[in-house]
1. Name every residue in the range 1-48 that is modelled with pLDDT of 90 or more, hydroxyl-bearing (Ser, Thr, Tyr) and either closer than 21 Å to Val345 by Cβ or in a loop (DSSP other than H, G, I, E, B) (or both), in order of residue number.
2. Quick one: count up the residues across the range 21-75 that are open to solvent by 70 Å² or more (accessible area, probe 1.4 Å) and in contact (Cβ under 8 Å) with a residue 60 or more places away in the chain.
3. Kindly check whether there is at least one residue in the range 275-297 that is open to solvent by less than 60 Å² (accessible area, probe 1.4 Å), among the small types (Gly, Ala, Ser), over 21 Å from Asp76 (Cβ atoms) and part of a strand (DSSP E or B).
4. Can you tell me which residue is least open to solvent (accessible area, probe 1.4 Å) among those in the range 116-130 that are in contact (Cβ under 8 Å) with a residue 60 or more places away in the chain and β-branched (Val, Ile, Thr)?
5. Sort out which residues of the range 178-204 are more than 21 Å from the chain's Cα centre (by Cα) and open to solvent by 40 Å² or more (accessible area, probe 1.4 Å), and write them in order of number.
6. Out of the range 141-159, which residues are surrounded by 15 or more Cβ atoms within 10 Å (Cβ to Cβ) and modelled with pLDDT of 90 or more?
7. Mind listing just one residue for me: the one in the range 315-341 that is open to solvent by less than 30 Å² (accessible area, probe 1.4 Å) and in contact with a Leu (Cβ under 8 Å, 6 or more places away or on another chain) and, of those, modelled with the highest pLDDT?
8. Could you say whether any residue in the range 254-270 is of a type in the set (Ser, Thr, Tyr), out of contact with any His (no Cβ under 6 Å at 6 or more places or on another chain), over 26 Å from Glu292 (Cβ atoms) and surrounded by fewer than 21 Cβ atoms within 10 Å (Cβ to Cβ)?
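The values are calculated or read from the model by the stated rules, or taken from the named source; none is laboratory data. In this text, all values refer to a predicted model and were calculated from it rather than measured experimentally. Cβ placement follows ideal geometry from the backbone for every residue including glycine, while neighbour counts extend to all protein chains displayed. These area figures cover heavy atoms from the full protein model, side chains too; ligands, DNA and RNA do not enter into them. Shrake-Rupley method; radii C 1.70, N 1.55, O 1.52, S 1.80 Å.
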Amino acid sequence: MKRRQEVTSTSPTRRLLHGGDINVPLDITVEILKILPTKSIVRFQCVSKLWSSIISRRRDFIDWIITRSLTQPPRDAYFIASKSYTECYLTLSSSNAKESILIPGEFRHYLRGLVCCSNSGKVTIYNLTTRQSFNLPETKTMHMSTCFLGYDPIENQYKVLLSCQVFTLGETKTKKWKTIHGVGSHLPLPGGVCINGTIYYQAGTTEWNATSLYKLMSFDVRSEEFYHVDAPKTLMDQRLSLINYQGKLGFVCCAKGVEVWVMETQGWSKILSIEMEGSDKWRSMGVNRGGEIVFVNLAPYKSHEVLCVLYYDLNRNSKRYVELEGIYPKKINNVISIWTVPDFVENTMRLY
């Protein structure tokens with residue numbers, strides 16, 4: 001009688017129970033990772049080089065994480081710092097939990113889950129999701145307060161703009177600041193905004209025959225070119241807040257009441273003009289997903305005062321105040337400054 005031929009192959013389940021490996025197709029691996037919470041995804045980078053590459057390098061996966069965070073219930077995000085900036089926190093608040101993250105320096109700019117900050121003359125990029133930081137090479141410029149983050153969606157590149165110097169994140173060849181020549185003399189001011197691959201910011205004029213105190217500048221992140229943007233003279237004689245209003249550049253002026261201007265294809269249009277008592281004490285930090293313009297107080301707070309943020313709804317012509325008592329570390333003392341992040345997202349991108 002013939003002996004039955006022994007079966008040498010085993011099922012995937014049997015191999016797994018006995019410590020074997022299963023080769024999961026790449027597309028299945030990606031889909032499995034997508035259903036996990038972001039904090040778990042960040043931890044799973046240590047599973048293998050493949051998983052780390054998917055999570056921190058693969059563009060479609062990173063874009064999916066950012067898009068997913070925009071579809072989830074919004075989380076209010078606030079940067080809170082002491083006067084000396086020895087402590088600067090990002091505080092996240094939602095209906096379920098509160099969280100505080102110590103960032104490595106003085107807050108300068110925020111974009112797509114990344115923070116640009118400075119400390120002791122150095123510029124640092126910090127990923128709020130992965131808690132990874134990257135120190136940029138030292139530079140001789142003294143204008144650390146005018147450091148902006150830009151993103152080019154076509155080439156998928158993040159760049160840091162510091163005065164007339166630019167640094168490309170992830171650039172492995174040079175790792176140096178690049179000086180942009182041929183830029184007219186101007187003094188960049190804090191408060192820039194990046195919209196569709198262009199950084200906009202207000203700058204002080206240096207020409208002796210200038211007709212306005214300020215001018216509006218733009219920097220194309222992809223071509224690395226500066227431009228002067230036309231704006232109404234009445235707006236350029238005062239300090240303004242730049243916002244991203246529904247994908248368009250907007251100005252918020254709080255000198256006498258509140259005015260909101262938006263740059264259209266044909267020019268500038270005023271979409272809001274209201275009277276608001278004490279408006280000159282507020283500055284706008286942007287627009288949240290609900291279409292509300294977010295304001296914070298210009299004057300720093302004392303440690304015993306309750307921090308407060310103002311939200312104004314353009315559609316309903318209504319406002320609401322949010323007190324931040326109890327959502328930031330009590331060990332912050334002395335005078336406190338606050339900035340808001342109206343469009344906080346998660347980002348698993350690796351910085352280097």
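1. If the condition is that a residue be modelled with pLDDT of 90 or more, hydroxyl-bearing (Ser, Thr, Tyr) and either closer than 21 Å to Val345 by Cβ or in a loop (DSSP other than H, G, I, E, B) (or both), then Thr38, Ser40, Ser48 are the ones that fit.
2. 5
3. Scanning the range 275-297, I find no residue that is open to solvent by less than 60 Å² (accessible area, probe 1.4 Å), among the small types (Gly, Ala, Ser), over 21 Å from Asp76 (Cβ atoms) and part of a strand (DSSP E or B), so the answer is no.
4. We begin by selecting, within the range 116-130, every residue in contact (Cβ under 8 Å) with a residue 60 or more places away in the chain; these are 125, 127-130.
Applying the additional criterion that residues be β-branched (Val, Ile, Thr) yields 125, 129-130.
Numbers: Ile125: 0, Thr129: 27, Thr130: 31 Å².
Looking at residues that are in contact (Cβ under 8 Å) with a residue 60 or more places away in the chain and β-branched (Val, Ile, Thr), I get Ile125.
5. Filtering the range 178-204 for residues more than 21 Å from the chain's Cα centre (by Cα) gives 178-187, 204.
Lys178, Thr179, His181, Gly182, Gly184, Ser185, Leu187, listed by residue number.
6. Cys147, Phe148, Leu149, Gly150, Tyr151, Asp152, Gln157, Tyr158, Lys159
7. Val341
8. Within the range 254-270, none of the residues are of a type in the set (Ser, Thr, Tyr), out of contact with any His (no Cβ under 6 Å at 6 or more places or on another chain), over 26 Å from Glu292 (Cβ atoms) and surrounded by fewer than 21 Cβ atoms within 10 Å (Cβ to Cβ).
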